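The structure appears right after this line, and notes come after that.
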Amino acid sequence: MSFQKRMASGEFVILAQMNTPKGVNISEMVNNARRIKERVHGVIIPDMDNGVMRMSAFAGGVLMRQQGLEPVMHVYGRDKNRMALQGDILAAYVLGIQNLVVVRGEGMAAGDHVQAKSVDDLDELSLLQVIRSLEKGADMAGFELDGNPSFTVGCTFGAYVDDQTLDQEMEKAQKKIEAGAQFILTPSVFDMDRFASFLKKAKGLGVPIIPTVFLLKTVGIARYMATYEPGAFIPEHLIKRMRQSKNREMEGFVIAGETIKHLKSLVQGVQIVTLGWEHRLPTILDYAEV
């Protein structure tokens with residue numbers, strides 16, 4: 001069953017994020033994909049995430065298709081103007097990439113090409129509107145297409161630190177849905193009580209909510225995120241649990257698996273993010289018993 005059909009039928013979906021290589025050696029990405037082929041329902045392919053130059057997401061999406069996995073590709077306006085974006089979206093469809101997530105591209109300051117210039121011709125809302133227009137058979141200039149694509153399109157929910165920013169992000173999400181978004185990817189979930197409170201409001205958006213399950217590789221990473229990323233909200237008891245574990249590395253996998261188990265009764269899917277440890281995705285899935 002395709003990702004689109006699973007979403008439409010209300011079945012639980014598991015998405016795994018997988019970056020393309022920085023180079024042309026695809027062996028690791030292909031091997032990682034093969035390890036999870038029968039265990040996930042889609043692979044999310046970022047496009048030069050965090051401002052780091054990598055092989056394009058198009059290549060990653062095609063590779064996933066070749067391995068029998070369904071790609072879900074990031075699109076954003078940081079690096080390309082409206083003509084290039086429209087051309088890429090049409091190309092994605094022809095290449096068999098029929099699931100998109102419109103995201104906000106991160107700034108270049110923290111990337112590896114800090115002198116690169118951002119384009120930002122289209123924002124998230126505009127890009128969603130463009131995709132809808134292409135699906136209806138016309139480009140941004142109003143010219144008719146010779147054959148139009150059809151996509152399952154998602155968007156992201158921004159991080160928030162208080163009720164005020166939550167309401168602001170909720171308003172933005174509503175506009176994205178009105179512009180064509182069919183599901184929402186949320187920031188990483190660590191505090192279940194806080195997420196349950198968020199979910200009460202988010203369910204009013206009327207589309208599937210897919211939270212991110214982020215692998216905490218070390219206590220240091222957990223502490224850093226809790227201190228310097230206010231929107232992460234990593235509970236102190238979780239950090240203490242990792243620090244006191246006899247096997248700290250494995251504890252992160254256990255926590256990720258438990259999180260997926262818990263979320264399965266609350267939402268329609270999860271996105272698993274490991275940031276370079278895609279080879280350990282099967283371990284998380286084992287602990288999640290999926």
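The values are calculated or read from the model by the stated rules, or taken from the named source; none is laboratory data. Not measured: the values here are computed from a predicted model. Counting neighbours? That spans all protein chains shown, and the Cβs are built from the backbone with ideal geometry, glycine included. These accessible areas exclude ligands, DNA and RNA; they are computed on the full protein's heavy atoms, side chains included. Shrake-Rupley method; radii C 1.70, N 1.55, O 1.52, S 1.80 Å.
The figures follow:
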| read-out | value |
| --- | --- |
| Sole residue being without any contact (Cβ under 8 Å) to a residue 60 or more places away in the chain, open to solvent by less than 60 Å² (accessible area, probe 1.4 Å) and either among the β-branched types (Val, Ile, Thr) or closer than 26 Å to Ile89 by Cα (or both), chosen from Thr156, Thr152 | Thr156 |
| Matching residues, the range 109-122, being surrounded by fewer than 17 Cβ atoms within 10 Å (Cβ to Cβ) and either among the aliphatic types (A, V, I, L, M) or under 25 Å from Glu178 (Cα atoms) (or both) | Ala109, Ala110, Val114, Ala116, Val119, Asp120, Asp121 |
| Cβ-Cβ under 7 Å pairs, at least 6 apart or on other chains, the range 59-87 side in a loop (DSSP other than H, G, I, E, B), far side among the small types (Gly, Ala, Ser) and at pLDDT 95 or above | Gln67/Ala33; Leu69/Ala33; Glu70/Gly42 |
| Count - residues of the range 167-196 that are open to solvent by 70 Å² or more (accessible area, probe 1.4 Å) and assigned to a helix (DSSP H, G or I) | 7 |
| Hits in the range 5-29 (condition: in contact (Cβ under 8 Å) with a residue 12 or more places away in the chain, under 16 Å from Gly276 (Cβ atoms) and surrounded by fewer than 21 Cβ atoms within 10 Å (Cβ to Cβ)) | Pro21, Lys22, Gly23, Ile26, Glu28 |
| Residues of the range 1-25 that turn out to be at pLDDT 95 or above and among the hydroxyl-bearing types (Ser, Thr, Tyr), as a count | 1 |
| Verdict on Leu238 being more than 30 Å from Gln174 (Cβ to Cβ), open to solvent by less than 20 Å² (accessible area, probe 1.4 Å) and either among the aromatic types (Phe, Trp, Tyr) or under 20 Å from the mean Cα position of the chain (by Cα) (or both) | no |
| Residue within the range 99-108 that is under 19 Å from the mean Cα position of the chain (by Cα), buried (at least 17 other Cβ atoms within 10 Å of the Cβ), of a type in the set (S, T, N, Q) and outside any loop (DSSP other than H, G, I, E, B) present | yes |
| Residue, farthest from Gln174 (Cα to Cα), within the range 123-141, restricted to residues that are among the aliphatic types (A, V, I, L, M) and open to solvent by 10 Å² or more (accessible area, probe 1.4 Å) | Ala141 |
